[in-house]
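In what follows, a single structure is set out as structure tokens and then discussed.
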Amino acid sequence: MNDAAHILVVDDEQSLREFLEIFFRRAGHVVSTAAGVEQARALLEADDVDVVVSDMQMADGSGLDVLRHVQASCPETPVIMITAFATTDSAIAAMKDGAYDYITKPFKVDELGVVVGNALEKRRLTSENRRLRTELRTQARQRRIVGNSAEMQRVFEMIAQVAGTKTNVLVSGESGTGKELVARAIHEQSGRADAPFVAVNCGAIPENLLESELFGHMKGAFTGAVQNKEGLFETADGGTLFLDEVGELSQPLQVKLLRAIQEKTIRRVGGTSDRRVDARIISATNRRLEEEVAAGRFREDLYYRLNVIQIALPPLRERRGDVPLLVHRFLERFSQELGKEVGDVDADAMELLTEYAYPGNVRELENVIERAVALSRGGAIGLAEMPPTLLRPADPEGAPSIPTAGVDLDRLIADYERSLIGEALRMTGGVKKRAARLLGVSFRSLRYRLDKLGMDTGRADEDDAG
């Protein structure tokens, strides 16, 4: 048979229940038993089960009732039916409804052992395939860290030093500097590389859902919890859990996270028992957590648990020597992805790209190159493909430089206007009257410009009346 698993035996015949319990326990498995359908339902709702072995005919129902409950609450759990020869047709019908297999009485216990072992292997492969599909979906977002500067060499050295340890790591830096890439590099160079790397953005999930996302939940724990669900701590068991924007966690969740780190156990929402987990924690933040601690917004004890070793990522403006390397990496990638034959960046455009301050860091540079490749007509990227935000004054009066190849003035003006209006709407939460005041134009003028640029959502703002 396979490695230790949790097996539920459902049969109203006490002697058979006890016999199968002894058999499976001797094989190294955890075994629960139920004398009927209702007791089986209660056990299935209280805990996860890896495989169910159920009799077809029982006093309070049938194996089909057990099968339907398993499919509704934990559909990946295989169900094996035990049936008398006279009810074989019912067992075949159960397989058509989703049962894994059936075995007829009287049976050889070794035969049942083989069927259960095959069912457990199928479940393992299903879980592994799901994990691999998840990793494949994220591969497009995974980018190797690029940099030859002294600042990045120090980061690479720190990654190599901490990768082989179990120590928790805090990665700090501005948005867009590549904090998740550092976390992935630590994981891939560690002894946990073959185990899952699970990333969650703590600031992107509503607070009322984040606890369930991290720790899992039991069926019925809250409205919409229609089946048991493992949390990301369990998914990352044996591997690495990356908590991005950890400074966004609420105080109650900070307490639960601290307990999970200290005790290496978690409790699902609505659950009554603790589960052991072994996940290395790498967290990241663009906030100064020491200031959050001083202000009472972040627990000091949790801060020291997370910040055993800190890796600080420099902003791109402090490692401008890496910009050409990054530009060519992005140029190669987006040329392939967009089907464009763009092989280089001309000298003027590269000078502009290198001197720009990049408030959005590497992520902003990535977007700039993707846009440039998309707009290019092949060959080399020049100033004409640069976004308005990068065009710099050529003299103290602020007159913009114009490349010898010329520019599309209408497009540049429209792009610049669109970016300014978009930023104003972002700053005002989408309220157009406030955005108009911020831009120094009338509300009527802003509505006209939104319509002209194709930006008007058609939704009335809270203060748009009048």
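Looking only at region 73-119, count every residue that is assigned to a helix (DSSP H, G or I), modelled with pLDDT under 85, open to solvent by 50 Å² or more (accessible area, probe 1.4 Å) and not β-branched (Val, Ile, Thr) and tell me the total.
At the first step, the residues of region 73-119 found to be assigned to a helix (DSSP H, G or I) are 73, 85-96, 109-119.
Applying the additional criterion that residues be modelled with pLDDT under 85 yields 73, 85-96.
Imposing the further condition that a residue be open to solvent by 50 Å² or more (accessible area, probe 1.4 Å) reduces the set to 85-86, 89, 92, 95-96.
Imposing the further condition that a residue be not β-branched (Val, Ile, Thr) reduces the set to 85-86, 89, 95-96.
The total comes to 5.
Residues in region 319-339 that are modelled with pLDDT under 90 and open to solvent by less than 60 Å² (accessible area, probe 1.4 Å): 1 in all.
Just give me the residues in region 275-291 being surrounded by 14 or more Cβ atoms within 10 Å (Cβ to Cβ) and either more than 20 Å from the chain's Cα centre (by Cα) or of a type in the set (Lys, Arg) (or both), in sequence order. Lay out the reasoning, then the answer.
At the first step, the residues of region 275-291 found to be surrounded by 14 or more Cβ atoms within 10 Å (Cβ to Cβ) are 275, 277, 279-287, 289.
Result: 275, 280, 287, 289.
Taking (1) modelled with pLDDT of 80 or more; (2) open to solvent by 60 Å² or more (accessible area, probe 1.4 Å) in turn, residue 397 satisfies each apart from (1).
Residue by residue, here is whether (1) in contact (Cβ under 8 Å) with a residue 24 or more places away in the chain; (2) of a type outside the set (A, V, I, L, M, F, W, C) holds:
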| site | (1), (2) |
| --- | --- |
| 302 | yes, no |
| 305 | yes, yes |
| 314 | yes, yes |
| 330 | yes, no |
| 347 | no, no |
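With the condition kept exactly as written, say whether any residue in region 402-410 is loosely packed, with under 13 Cβ neighbours inside 10 Å, on the phi > 0 side of the Ramachandran plot and at pLDDT below 75. Scanning region 402-410, I find at least one residue that is loosely packed, with under 13 Cβ neighbours inside 10 Å, on the phi > 0 side of the Ramachandran plot and at pLDDT below 75, so the answer is yes. Note on region 420-437: residues that are of a type in the set (A, V, I, L, M) and at pLDDT below 80 total 1. Applying the criterion of being in a helix (DSSP H, G or I) and among the aromatic types (Phe, Trp, Tyr) to the residues of region 296-308, the residue that is surrounded by the most Cβ atoms within 10 Å (Cβ to Cβ) is 303. Could you tell me whether residue 183 is of a type in the set (A, V, I, L, M, F, W, C), within 30 Å of residue 316 (Cα to Cα) and open to solvent by 10 Å² or more (accessible area, probe 1.4 Å)? No, not satisfied. Figure legend. Inter-residue proximity from region 34-50: first residues within 13 Å of residue 68 (Cα to Cα), second residues open to solvent by 10 Å² or more (accessible area, probe 1.4 Å) and not hydroxyl-bearing (Ser, Thr, Tyr), beta-carbon distance below 7 Å, spacing 6+ or different chains. Indicated pairs: 37/58; 37/60; 37/61; 37/65; 38/60; 41/69; 44/69; 44/74.
Counting only residues that are in contact with a Lys or Arg (Cβ under 9 Å, 6 or more places away or on another chain) and either among the polar types (S, T, N, Q) or open to solvent by less than 20 Å² (accessible area, probe 1.4 Å) (or both), region 250-259 holds 4 of them. Consider residue 17 carefully, then state whether it is of a type in the set (Lys, Arg) and either in contact with a strand residue (DSSP E or B) (Cβ under 7 Å, 6 or more places away or on another chain) or assigned to a strand (DSSP E or B) (or both). It is true that residue 17 is of a type in the set (Lys, Arg) and either in contact with a strand residue (DSSP E or B) (Cβ under 7 Å, 6 or more places away or on another chain) or assigned to a strand (DSSP E or B) (or both).
Residue-level check: of (1) open to solvent by 40 Å² or more (accessible area, probe 1.4 Å); (2) under 29 Å from the mean Cα position of the chain (by Cα); (3) of a type outside the set (Gly, Ala, Ser), residue 311 misses just (1). From the list 240, 223, 265, the lone residue that is exposed (fewer than 15 other Cβ atoms within 10 Å of the Cβ) and under 25 Å from residue 195 (Cα atoms) is 265.
The residues listed here are 282, 261, 309; of these, the one that is of a type in the set (Val, Ile, Thr) and touching a Phe, Trp or Tyr at 6+ places or on another chain (Cβ under 7 Å) is 282. Contact map, region 438-466: first residue of a type in the set (A, V, I, L, M, F, W, C) and in a helix (DSSP H, G or I), second residue surrounded by 11 or more Cβ atoms within 10 Å (Cβ to Cβ) and modelled with pLDDT under 80, Cβ cut-off under 6 Å, separation 6 or more or different chains; pairs are 450/456. Output the residue which, of all residues in region 370-381 that are of a type outside the set (Lys, Arg) and out of contact with any strand residue (DSSP E or B) (no Cβ under 8 Å at 6 or more places or on another chain), is nearest to residue 146 (Cα to Cα). Filtering region 370-381 for residues that are of a type outside the set (Lys, Arg) and out of contact with any strand residue (DSSP E or B) (no Cβ under 8 Å at 6 or more places or on another chain), the one nearest to residue 146 (Cα to Cα) comes out as 370.
Within region 33-53, none of the residues are open to solvent by 70 Å² or more (accessible area, probe 1.4 Å) and of a type in the set (Val, Ile, Thr).
The values are calculated or read from the model by the stated rules, or taken from the named source; none is laboratory data. Bear in mind the structure is a predicted one, so any value in this text is a computation, not a measurement. Glycine gets a Cβ as well: all are built from the backbone with ideal geometry, and neighbour counts include every protein chain shown. Note: areas computed on protein heavy atoms with side chains; ligands, DNA, RNA excluded. Shrake-Rupley method; radii C 1.70, N 1.55, O 1.52, S 1.80 Å.
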